[in-house]
Amino acid sequence: MNQISIIFPNQLFRESSLLKLSCEILIIEDSLFFGNDKFQKSINHKNKLIFHKASMLAYKKYLQNSGFKVIYIENKNNLSTVEYLSKYLQGKYQKVNIINPHDFLIMKRINRFVEANNLKLQVFQSPMFVTNEDLRKSFKSNSKKPLMGRFYENQRRSQNILLNPDGSPQGGKWSFDELNRKKLPKNINIPEIPKFQKNQFVIHAEKIISNLQIEFIGESNYFIYPTTFEEADSWLHDFFEDRFSLFGDYEDAISKEKVFLWHSLLSPLLNSGLLTAKEVIDKALTYGEKNKVPINSLEGFIRQIVGWREFICLVYEKYGTQMRTTNFWNFDNKPMPECFYKGSTGIDPVDIVINNIIKYGYCHHIERLMIIGNFMLLCRIHPDHVYKWFMEMFIDSYDWVMVPNVYGMSQFSDGGIFSTKPYISSSNYVKKMSDYKSGPWCSIWDGLFWKFIKDNETYFRKQYRLAMLTRNLDKMSDEKLNGHLRIAEEFISNLY
């Protein structure tokens, strides 16, 4: 049977089931990844476009050097996935092989194409994740509220990760999250991330992307990311050597001056296939044991990968369609204010983080959740526009990542399918976890916070974990509350 394997921009695996087949390989610069899909146009960060283009060119060379016959389809003519495939594959093959893309729209298009052309389709499990089939089926069939903590424990047991011989967790606890919340001490020496000399693929990609007739965010001056397997391996090793040991202590810390702190910056590599969760976990456990990495760093890092990341993908698969149609807070469907694209909101922490994102296509998870997501929720921006913003701005953004993280976690727009509470705060949390000083931004942030609590008072009074907020509201003088409301209303009215 004449067959072909199709590889998308985020499936650049060193090893996969597709590479065990004796057939041609088609690598496609799918327009959904480059922002010029004729049915779903979007703006993307320039660094993400360069990353995809360069890593795909490197992968093409890797496959050719390994003896594979490769067809490479460049992103031209604004064609959709189905149109690309129809143009290049129609009438030539009887069977199509793919790796599960973990993307509803891509899978829908692939199914449409093979049905229309009477082709057989084989979908292989993705090496991107480690969750075994039993745990995956159990998750999807369970009618109870999905909780990350419970999933994480089951994952650790099934993968035999950080367990004592009797099956109990090493260190006596499953999570050391309470030890991951230190504020940065003054004058602490923060390590720099490695810098690669731009390889031939990046140089070529920059030229191509700059000449495309598409709109993008950011510039390539700050492109820092690995695009080959060798660079990805080096990047991971550098994290182990320079940042792993203190990763746990300062995992939730926020810095006005420094972007990367002790974070690994592995998400774009894990989400594109240049590294897989299994190899990262195996190397982390080996390095951690050999070098006596503190348990809060080792466990915290493992939890992000085998816990949160895998959990989010399963939530997407089970609830994604439902989540993206929700608007729990009933926000008006107004467009995203332009100041959130320019970093000109007038709120110091928000603007500094946005300007870092414009440079790198990156900020770490607490900045995403407790600065950007938190503030957008307090500004009552419609969740669809928050999702769109996160998809456009980040180098590691994919549908399976952002649907649960935006609709479910940062905006609570699904009403709590898996999250146990909305993640909102006053300015005090930001100051507590960062080196941001008090300023005019605090009164605006606090005004928005207390107006949000006041306007949703009925909901918060019913929530055991959040009822204290309404008790504080009850104790607040009318003069103080009215001051908060006036500041919030003035700020929101000036956003649009």
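The values are calculated or read from the model by the stated rules, or taken from the named source; none is laboratory data. None of these values were measured; they are calculated from a predicted model. No Cβ is skipped: glycine too gets one built from the backbone with ideal geometry, and neighbour counts run over all protein chains shown.
Data for the structure
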item	result
Selected residue (only one of GLN159, GLN200 is under 28 Å from the mean Cα position of the chain (by Cα), more than 23 Å from LYS278 (Cα to Cα) and polar (S, T, N, Q))	GLN200
Matching option when the condition is over 26 Å from ARG324 (Cα atoms) and not assigned by the TED database to the domain that holds GLY149, among ASP446, ASP414, ASP455	ASP446
Residue in segment 334-370 that is surrounded by the most Cβ atoms within 10 Å (Cβ to Cβ), counting only those that are of a type in the set (D, E, K, R) and within 16 Å of TYR429 (Cβ to Cβ)	GLU367
Subset tally (residues that are farther than 30 Å from GLN155 by Cβ and part of a helix (DSSP H, G or I)) for segment 165-211	12
Residue check, TYR423 over 19 Å from ASN356 (Cβ atoms), outside the structural domain of ARG486 (by the TED database), part of a helix (DSSP H, G or I) and not polar (S, T, N, Q)	no
Of all residues in segment 272-284 being assigned to a helix (DSSP H, G or I) and without any contact (Cβ under 8 Å) to a residue 60 or more places away in the chain, the one that is nearest to the chain's Cα centre (by Cα)	VAL280
Any chance MET56 is surrounded by fewer than 16 Cβ atoms within 10 Å (Cβ to Cβ) and in a helix (DSSP H, G or I)	no
Filter result for the condition that a residue is among the aromatic types (Phe, Trp, Tyr) and part of a loop (DSSP other than H, G, I, E, B), over PHE129, PHE151, PHE113, PHE139	PHE129
Among (1) assigned to a loop (DSSP other than H, G, I, E, B); (2) under 28 Å from ASN221 (Cα atoms); (3) among the aliphatic types (A, V, I, L, M), the one test that ILE27 misses	(1)
Residue check, TYR287 surrounded by fewer than 19 Cβ atoms within 10 Å (Cβ to Cβ), touching a residue at least 24 places away in the same chain (Cβ under 8 Å) and not assigned by the TED database to the domain that holds GLY171	no
Identity of the residue in segment 292-303, part of a helix (DSSP H, G or I), surrounded by 20 or more Cβ atoms within 10 Å (Cβ to Cβ) and not charged (D, E, K, R), that ends up farthest from the chain's Cα centre (by Cα)	ASN296
